[in-house]
1. Could you pull out the pairs from A:71/B:111; A:39/A:75; A:7/A:33; A:31/A:75; B:151/B:247 whose alpha carbons sit more than 18 Å apart here?
2. Could you work out Rg/(2.2 N^0.38 Å) for the range B:66-210, with Rg from alpha carbons only?
3. Do any chymotrypsin sites (Phe, Trp or Tyr not before Pro) in the range A:19-116 lie in a DSSP loop with no more than 15 other beta carbon atoms within 10 Å, and if so, which?
4. Would you kindly enumerate the cysteines in chain B that have no other Cys beta-carbon under 4.7 Å from their beta-carbon?
5. What dipole magnitude, in Debye to the nearest 20, does the protein assembly as shown give about its Cα centre under +1 on Lys/Arg Cβ and -1 on Asp/Glu Cβ?
6. Suppose a student asked you for the relative contact order of chain B, using Cα pairs under 8 Å spaced at least 6 residues apart; what percent would you report?
7. Quick one: putting +1 on the C-beta of Lys and Arg, -1 on the C-beta of Asp and Glu, what dipole do you get for chain B around its Cα centre, in Debye to the nearest 20?
8. Evaluate Rg over Rh across the protein assembly as shown, taking Cα atoms for both radii and Kirkwood's formula for Rh.
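Values in this text are rule-based calculations from the coordinates and carry no lab data. Since the structure is predicted, the reported quantities are computational estimates derived from the model, not experimental observations. Ideal geometry is used to build each Cβ from the backbone, glycine not excepted, and the neighbour counts take in all protein chains shown.
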Amino acid sequence: MLSARKKERAKIFSEFYEFNENLLLNLKYEKIKLKELAKRFPSVLRALDGQEVLSGDDGAFLRDYTQNIGKTDPKSQIDYLNGRREQLERLRNESAEEYKRYSSLYVKICLLAGILVGVLLA
Amino acid sequence: MEFDFLPDEIRAALNLVDGDKLTEIRLRSGQAVIVGTTEKYCYLGRKGCTDDRELAIVLDDAEIVLSAAMEGSVFAYTEQLRHSFITLDGGARIGVAGEYVTERGEITAIKNVTSLNIRIPHDIYGCSQGILENIRLPSDVIIFSRPGLGKTTLLRDIARSISSAGYNVLVCDERSEISGGGRAFDLGCRTDAVRGADKLSCFGNAIRAMRPDFILTDELYGERDRLAIECAARCGINFIASTHVCKQSDLAAFRADYYAELCAIGGEAIVYDKDFNIICHCSTVGTSGNIAVRPKKGKGEDLFGILRVQ
């Protein structure tokens, strides 16, 4: 439960990264509409509907991203998405790392707390 | 027809207009919304059609409506926008007016959109019967009339009819209007549709790929389209096409066995032979559906009104 936020953040950035990759492919080939493409990425779909999926700087970055996709022709979109690809990849990796680190830390803390309670009771 | 992309107020008002008679919705930024019905043009008020401009709903921004119609996916419509329109699923076509963005003389986009013209498609079974009874198939046919009189509606019914007569039909649907962008209209069980390609590419590729007996297409215009139908003729494939070109001298550039002049769906059509001798006057009344008829300009006696048939 303590790491739920970190998990959610990692999941959202992972979805946005995958969506970005899919959109790049889509623009070069099928050109299907954004919402149809976003069906497999619930957090992207929510963001496209104007909902805030993350807060703070993360939220501002994703808001800026969703406000700029779909607004221009394929060539400029590809340039824009390629520009965001690196940032999304960094955020995805960083959030996944953070989740991994904190979740194992929380597990260790819980384990130690359990042992401490056990010792005290004994 | 769904109008999810329109502002709530306009959508609610449109529910009060008879959908079968609705042919156009004209939206201009900061101006009263106007709807075209089979009878007349009127303002769109909160209670439906009105002649009182004071009661009309005023559109705030046409650009927002266009963006909603494209579902925030401009890239999916870039090619169509270069030709000043987009076609929605279901076949409704939105004409767009605004400021053209050009690069080396070519239109690349439209910005500052100020006007939209939403054209509502119709589907009328049997309306081509009169014409088809008076021509000998297989042959090349060109249907001509000014815009908005039902050429595309007629083509849909022709596709159905010749398909059910056993011919393989290929619809070259450059603007996705004939087929309605997918499965919106029944075009017959032997009909294939190629959407989104210009006629010359479509004719060249599809003749080899699909081996049609007939190619149907709409809005022939200009040299490339003439080359496309010549390509079909050289390959021994017959075509049935529509055009806005109405002058006989210009029409002759598109060589065909028959020419059919459409006065209005539900009204009259005049069938000519290849030398423009009149073969017959025939009806384009359908056997089912609601017949959209637009009054002919300039001639009082040509006001057909509405014909509803079962």
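1. In this structure, A:39/A:75; A:7/A:33 exceed 18 Å between Cα atoms.
2. My calculation over the Cα atoms of the range B:66-210 gives 1.15.
3. The qualifying sites are A:29.
4. Taking the Cβ cut-off of 4.7 Å, the unpaired cysteines of chain B are B:127, B:189, B:231, B:235, B:246, B:263, B:280, B:282.
5. Its charge dipole is roughly 880 debye.
6. 17
7. Charge dipole of chain B: 460 debye, to the nearest 20.
8. In the protein assembly as shown, Rg relative to Rh is 1.12.
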